[in-house]
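Novice: Attaching a single structure in structure tokens format; questions to follow.
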Amino acid sequence: MPARPVFVLHEHRKPRPHFDLRLEEDGVLRSWAVPKGLPVDSRHDRLAVAVDDHDLEHAIYTDADKDIADHGWWQLVDRNDRRLVFDLHGERNTLRYALIRTDRDWLVHLTKDQPNLR
């Protein structure tokens with residue numbers, strides 16, 4: 001069985017508090033800065049700003065100003081040019097999100113339909 005692609009949600013304290021969502025793809029961590037963290041309900045999307053890709057080793061990186069808020073693996077559900085739908089299998093739960101490209105940035109959305117896990 002091939003290895004599952006990792007995800008990590010880093011929590012930064014500097015230069016100002018924010019989160020970085022990182023998804024392993026094509027040998028790197030695709031990354032988005034999410035100033036207010038991942039959404040907790042489907043009615044409130046959050047801004048996600050694409051940032052430079054990071055090396056895979058960054059998935060376990062922490063320092064005095066950065067912790068790992070959650071990590072695990074992710075699974076692609078659907079993708080097109082403007083949207084990426086995926087499940088994050090984290091430490092505490094599995095949730096389905098969509099990254100939606102806007103004209104300038106991205107929005108991260110917690111989907112109404114969540115994966116039915118047994």
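Novice: For the chain, set up a GNM with springs between Cα atoms under 10 Å and report which of Arg43, Arg104, Arg30 has the largest fluctuation.
Specialist: Its mean-square fluctuation being the largest, the pick is Arg104.
Novice: In addition: Just subtract the alpha-carbon distance of Asn93 and Lys66 from 0.36 nm times their residue separation and send over the number in nm, one decimal.
Specialist: Additional length available on full extension: 7.5 nm.
Novice: Tell me the relative contact order for region 6-110 as a rounded percent, counting alpha carbon contacts under 8 Å between residues six or more apart.
Specialist: That works out to 26 percent.
Novice: If you plug each phi of region 87-96 into the Karplus form 6.51 cos²θ - 1.76 cosθ + 1.60 with θ = phi - 60°, what whole-Hz ³J(HN,Hα) values come out, in order, with x for Gly and Pro?
Specialist: 9, 9, 9, x, 5, 9, 6, 10, 10, 9
Novice: Hey, if you put +1 on the Cβ of every Lys and Arg and -1 on every Asp and Glu Cβ in the chain, which of Leu21, Val85, Val6 ends up farthest toward the positive end of that dipole?
Specialist: Of the candidates, Val85 comes out farthest on the positive side.
Novice: Continuing with this model, one more query. Springs between alpha-carbon pairs under 10 angstrom, Gaussian network model over the chain: which of Lys66, Lys14, Lys36 fluctuates most?
Specialist: The residue that fluctuates most here is Lys14.
Novice: What residues qualify as long-range amide H neighbours of Val77, i.e. H under 5 Å apart, gap of 5 or more or another chain, H built at 1.01 Å from N?
Specialist: Val85, Phe86, Asp87
Novice: In whole Hz and in residue order, list the ³J(HN,Hα) couplings for region 41-58 that follow from phi through the Karplus curve 6.51 cos²θ - 1.76 cosθ + 1.60, θ = phi - 60°; x for Gly and Pro.
Specialist: Each residue of region 41-58 in turn: 8, 7, 8, 10, 6, 10, 4, 9, 9, 4, 10, 4, 4, 10, 5, 4, 4, 5 Hz.
Novice: Inverting the mean 1/r over all pairs of different Cα atoms, compute the Kirkwood radius of region 6-110 and quote it in Å. Could the numbers behind the result be given before it?
Specialist: Values: mean 1/r = 0.0726 Å⁻¹.
Computed over Cα pairs of region 6-110, the Kirkwood hydrodynamic radius comes out at 13.8 Å.
Novice: Report ³J(HN,Hα) in whole Hz for each residue of region 102-114, in order, from the Karplus equation J = 6.51 cos²θ - 1.76 cosθ + 1.60 where θ = phi - 60°; Gly and Pro get x.
Specialist: My calculation for region 102-114 gives 9, 4, 10, 10, 10, 10, 9, 10, 7, 6, 5, 7, 9 Hz in order.
No lab work stands behind these numbers, since they all come straight from the coordinates. Worth saying up front: this structure is predicted, and the values here are computed from it rather than measured. Virtual Cβ from ideal backbone geometry, glycine too; neighbours counted across all protein chains shown.
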